[in-house]
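What follows is calculated from the coordinates using simple rules that are stated; it is not laboratory data. Everything numeric in this text was worked out from a predicted model, so none of it was measured. Neighbour counts are summed over all protein chains in view; Cβ atoms, including those assigned to glycine, are modelled from backbone coordinates with ideal geometry.
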Amino acid sequence: MTVPHPDEPHGAGLGQRLNWLRAGVLGANDGIVSVASLVVGVAGASSDNAALLVAGLAGLIGGAISMALGEYVSVSSQRDSEHALIAKEREELRTMPEAELAELTALYRSRGLTPETAQRVAEELTAHDALAAHLEVELGIDQDDLVNPWHAAISSAISFTIGALLPLLAILLPPPGLRIPITFAAVLVALAATGAISARIGGSSPMRASIRLVIGGALALAATWLIGTLLGTTGVV
């Protein structure tokens, strides 16, 4: 059978894939910005490689763990809510099937179907899989495609680490005189790329998303570098 819109995702597991991609892109973006800001700030105050390495690794490890924990807790809460809603709907179908059928019919009528068609659709879907029909129409939930907190946590931690490695290597490998401009350039290019990827996932404008991230990242880098430079030149550190 020919798929009318091959560029649109219709397969099973879409929610899982989008959840994984979302966590991955956000993790990479946070890794780039947070560690870049940290090492650029330190570089503004000191050219010591050991200090840069320690600061960068501390930011990378702490950030990756924090991102993973945050995603796990957030997605676990969402999954718990979905399980609770599924259990509630299952109990309602068991105790009041007629009322649930009437509710499903009304929902289809509200979507523009005639009363006769809505009744027939509701009856046929109820006969096929009543719980799935109610979850989809009432709650927008697919019980076979619930979000996975472990997927989100692992994806976020790995992507944060990969993103954080870019500014860490960019600040450590070049000679001291080129560290700041090379790091700025590498970070802004990477942010433009993650912005474009996130926009593609969400179906929005890649250019607009990239510009937002590049401007935000540039401001963060400039602010931390200026603070580090001021602290270094005034002898505070």
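Here are the numbers for this structure:
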quantity	calculated
Mean Kyte hydropathy of 0.0 or more with a Cα span along the axis of at least 27 Å, helices from DSSP in the chain	14-45, 49-95, 149-172, 179-202, 206-233
Dipole magnitude of the chain, debye to nearest 20 (Cβ charges: Lys/Arg +1, Asp/Glu -1, about Cα centre)	1400
Extent along principal axes [Cα atoms of segment 18-163; Å; largest to smallest]	76, 28, 18
Net charge over other residues, Cβ less than 13 angstrom from the Cβ of Phe160 (K, R count +1; D, E count -1)	-2
Other-chain or far-sequence residues with amide H under 5 Å of Ile141's (modelled H)	Glu136
Alpha carbon centroid spacing (whole Å) that separates segment 28-45 from segment 75-96	43
Local net charge near Gly63, Cβ-Cβ under 15 Å (Lys/Arg +1, Asp/Glu -1)	-2
Net +/- balance of residues flanking Leu146 in space, Cβ distance below 11 Å, scoring K and R +1, D and E -1	-4
Segment Thr229-His83, length gained on full extension (0.36 nm per residue, minus Cα span)	47.4 nm
For segment 54-113, with +1 on Lys and Arg beta carbons and -1 on Asp and Glu, the positive-most of Met67, Ala55, Ala106 along the dipole	Ala55
